[in-house]
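Asker: Input: one structure, supplied below.
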Amino acid sequence: MAYTEKVLDHYENPRNVGSFDKEEKNVGTGMVGAPACGDVMKLQIKVNEQGVIEDACFKTYGCGSAIASSSLVTEWVKGKTLDEALSIKNSEIVDELELPPVKVHCSVLAEDAIKAAVEDLKKKQ
Amino acid sequence: MNDLPHTDNYFELLQLPVQYAIDKSRLSSAYRELQRVVHPDRFVNASAHERCLAQQKATLVNDAYRILRDDLSRAQHLLQLNQVECQPHTLSDPEFLMAQMQLREELEMIAASKDLDQLGALFSHVQQQQQACKDRLQAIFSAKDGFQPACDEVTKLQFLNKLYEEAESLEERLT
């Protein structure tokens, strides 16, 4: 299947690939997986004292669309408060990357990963 | 071919007991027998309607065989027959997912180091985990004490199968 240019761009030059120390108090880690295709996604956020996300990173094993979705949201969440990050909808990811219907689940995975990361962080604080 | 039961139950179609444990040689012989009965070649002189029916039956028999032969899809079929709905979407079992991620990282390292011994070790590790899932499925289905827990095992097996496929394609590239 042909990927759109935006997906290819994120796939070939993924932003913010990496890991933070998940034990740190200001780091939230979201681990999610898509059973149907076996994709695994880890998304981490780091907040400052004002509760604003100052950095984010991800590691994804999956198809190009899953990698692009997670790469995109790490860019989007930077500078946002936790509540703003929670308001990111998968449909926005679909629109931005022009994902075809069969790849919508990748954007759902990325949305769920943000939610899981925020939840993890809130549990710690 | 009127003797083919009208059923969505692939076990009944192939006249096998409705259970997770399966005798694969019995499955193969039941399949070959039915395939012979419904084979389109037997209907070349039949009416268009009969030919069409035979074609449909042949497809159904092929589907049944493919589904029952595979340890994952057989479990999914049993869940479906028992009207158990598994949550299809995101899995969030951090411990399991973390282990999956580590295995994929390991696979990445093997791709770089081209260490076939290490790849062999990873294969047997994944196989053990797959077998453990199948054993638990067998226990859940034979206990007949609520099938919902089978959903978790099915999900885990999906991840493990995917990982196994990726290890296989790496092996192909390396050898």
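Asker: With region A:1-117 as the region, which helices (runs of 4 or more DSSP H) entirely inside it contain at least 1 residues that are under 25 Å from B:LEU103 (Cα atoms)? Quick ask: steps written out before the conclusion?
Answerer: On the way: elements: A:5-12, A:64-77, A:82-86, A:90-97.
Per the criteria, A:5-12, A:64-77.
Asker: Listed residues B:ASP93, B:ASP63; which is open to solvent by 30 Å² or more (accessible area, probe 1.4 Å) and either over 30 Å from B:LEU170 (Cα atoms) or under 19 Å from the mean Cα position of the chain (by Cα) (or both)?
Answerer: Details: B:ASP93 fails: either over 30 Å from B:LEU170 (Cα atoms) or under 19 Å from the mean Cα position of the chain (by Cα) (or both).
Step by step, each of B:ASP93, B:ASP63 is checked, and only B:ASP63 is open to solvent by 30 Å² or more (accessible area, probe 1.4 Å) and either over 30 Å from B:LEU170 (Cα atoms) or under 19 Å from the mean Cα position of the chain (by Cα) (or both).
Asker: Now for a separate question. Kindly provide the set of residues from region B:115-124 that are in contact (Cβ under 8 Å) with a residue 24 or more places away in the chain and open to solvent by 50 Å² or more (accessible area, probe 1.4 Å), ordered by number.
Answerer: Just the residues of region B:115-124 that are in contact (Cβ under 8 Å) with a residue 24 or more places away in the chain, to begin with: B:116, B:119, B:122-123.
The answer is B:LEU116, and nothing else.
Asker: Is it the case that A:THR60 is out of contact with any helix residue (DSSP H, G or I) (no Cβ under 6 Å at 6 or more places or on another chain) and crowded, with 19+ Cβ neighbours inside 10 Å? Before the answer, list the steps.
Answerer: On the way: out of contact with any helix residue (DSSP H, G or I) (no Cβ under 6 Å at 6 or more places or on another chain): no; crowded, with 19+ Cβ neighbours inside 10 Å: yes.
Spelling it out, it is not the case that A:THR60 is out of contact with any helix residue (DSSP H, G or I) (no Cβ under 6 Å at 6 or more places or on another chain) and crowded, with 19+ Cβ neighbours inside 10 Å.
Asker: In region B:147-154, is there at least one residue being within 30 Å of B:LEU16 (Cβ to Cβ), part of a helix (DSSP H, G or I), within 14 Å of chain A (Cβ to nearest Cβ) and in contact with a Pro (Cβ under 9 Å, 6 or more places away or on another chain)? It would help to see each step written out before you state the result.
Answerer: Keep residues of region B:147-154 that are within 30 Å of B:LEU16 (Cβ to Cβ), which gives B:147-154.
From the residues that got through so far, the ones that are part of a helix (DSSP H, G or I) too are B:149-154.
Applying the additional criterion that residues be within 14 Å of chain A (Cβ to nearest Cβ) yields B:150-154.
In the following step, the residues that additionally are in contact with a Pro (Cβ under 9 Å, 6 or more places away or on another chain) were identified as B:154.
Yes, because at least one residue in region B:147-154 is within 30 Å of B:LEU16 (Cβ to Cβ), part of a helix (DSSP H, G or I), within 14 Å of chain A (Cβ to nearest Cβ) and in contact with a Pro (Cβ under 9 Å, 6 or more places away or on another chain).
Asker: May I pose another question? Would you be able to say whether some residue in region B:40-63 is closer than 30 Å to A:CYS106 by Cα and in a helix (DSSP H, G or I)? Let's see the steps before the verdict.
Answerer: First pass over region B:40-63, keeping only residues closer than 30 Å to A:CYS106 by Cα: B:63.
Then drop every residue that is not in a helix (DSSP H, G or I), which leaves B:63.
Yes: one or more hits.
Asker: Do we have A:ASP83 as of a type outside the set (A, V, I, L, M, F, W, C) and within 14 Å of another protein chain (Cβ to nearest Cβ) here?
Answerer: Details: of a type outside the set (A, V, I, L, M, F, W, C): yes; within 14 Å of another protein chain (Cβ to nearest Cβ): no.
In short, no.
Asker: Does B:GLU12 meet the test of being within 14 Å of another protein chain (Cβ to nearest Cβ), closer than 25 Å to B:PHE141 by Cβ and among the acidic types (Asp, Glu)? First the steps, then the outcome.
Answerer: Working: within 14 Å of another protein chain (Cβ to nearest Cβ): no; closer than 25 Å to B:PHE141 by Cβ: yes; among the acidic types (Asp, Glu): yes.
For B:GLU12, the condition - within 14 Å of another protein chain (Cβ to nearest Cβ), closer than 25 Å to B:PHE141 by Cβ and among the acidic types (Asp, Glu) - is not met.
Asker: Which condition from (1) open to solvent by less than 40 Å² (accessible area, probe 1.4 Å); (2) aliphatic (A, V, I, L, M); (3) free of Cβ contacts under 8 Å to residues at least 12 places away in the same chain is the one that B:ALA143 breaks?
Answerer: (1)
Asker: Another question, if that's okay. Of everything in region A:29-59 that's touching a residue at least 24 places away in the same chain (Cβ under 8 Å) and of a type in the set (Val, Ile, Thr), which residue is farthest from the other protein chains (Cβ to nearest Cβ)?
Answerer: In this case the residue turns out to be A:VAL52.
Asker: Related question: Exactly one condition in (1) under 22 Å from A:ALA36 (Cα atoms); (2) away from chain A (no Cβ under 14 Å); (3) in contact (Cβ under 8 Å) with a residue 40 or more places away in the chain; (4) assigned to a helix (DSSP H, G or I) is false for B:GLN127; which is it?
Answerer: (3)
Asker: Confirm whether A:THR74 is within 9 Å of the chain's Cα centre (by Cα), over 21 Å from B:GLU166 (Cα atoms) and modelled with pLDDT of 95 or more.
Answerer: Here the answer is yes, as A:THR74 does meet what is asked.
Asker: Let me ask something else. Which residues, taken from region B:15-39, are open to solvent by 60 Å² or more (accessible area, probe 1.4 Å) and either assigned to a helix (DSSP H, G or I) or touching a Lys or Arg at 6+ places or on another chain (Cβ under 6 Å) (or both)?
Answerer: Correct list: B:LYS24, B:SER25, B:ARG26, B:ARG32, B:GLU33, B:GLN35, B:ARG36.
Asker: Condition check: out of contact with any strand residue (DSSP E or B) (no Cβ under 8 Å at 6 or more places or on another chain) and more than 14 Å from every other protein chain (Cβ to nearest Cβ). Does A:ILE88 satisfy that? Outline the logic, then answer.
Answerer: On the way: out of contact with any strand residue (DSSP E or B) (no Cβ under 8 Å at 6 or more places or on another chain): yes; more than 14 Å from every other protein chain (Cβ to nearest Cβ): yes.
For A:ILE88, the condition - out of contact with any strand residue (DSSP E or B) (no Cβ under 8 Å at 6 or more places or on another chain) and more than 14 Å from every other protein chain (Cβ to nearest Cβ) - is met.
Asker: Of all residues in region B:89-109, count the ones that are outside any helix (DSSP H, G or I) and within 7 Å of chain A (Cβ to nearest Cβ). Can you show your working first?
Answerer: Taking region B:89-109 and keeping what is outside any helix (DSSP H, G or I), we get B:89-93.
When the remaining residues are screened for being within 7 Å of chain A (Cβ to nearest Cβ), the result is B:89-92.
Number of matching residues: 4.
Residues checked against (1) more than 16 Å from the chain's Cα centre (by Cα); (2) outside the structural domain of B:LYS162 (by TED's automatic domain parsing):
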| residue | (1), (2) |
| --- | --- |
| B:LEU78 | no, yes |
| B:GLU85 | yes, yes |
| B:GLN102 | yes, no |
| B:HIS125 | yes, no |
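The values are calculated or read from the model by the stated rules, or taken from the named source; none is laboratory data. Note that this is a predicted model, so its numbers are computed, not measured. We place every Cβ from the backbone using ideal geometry, glycine too, and count neighbours over all the protein chains shown. What goes into the accessible areas is simple: the full protein's heavy atoms, side chains included, and nothing from ligands, DNA or RNA. Shrake-Rupley method; radii C 1.70, N 1.55, O 1.52, S 1.80 Å.
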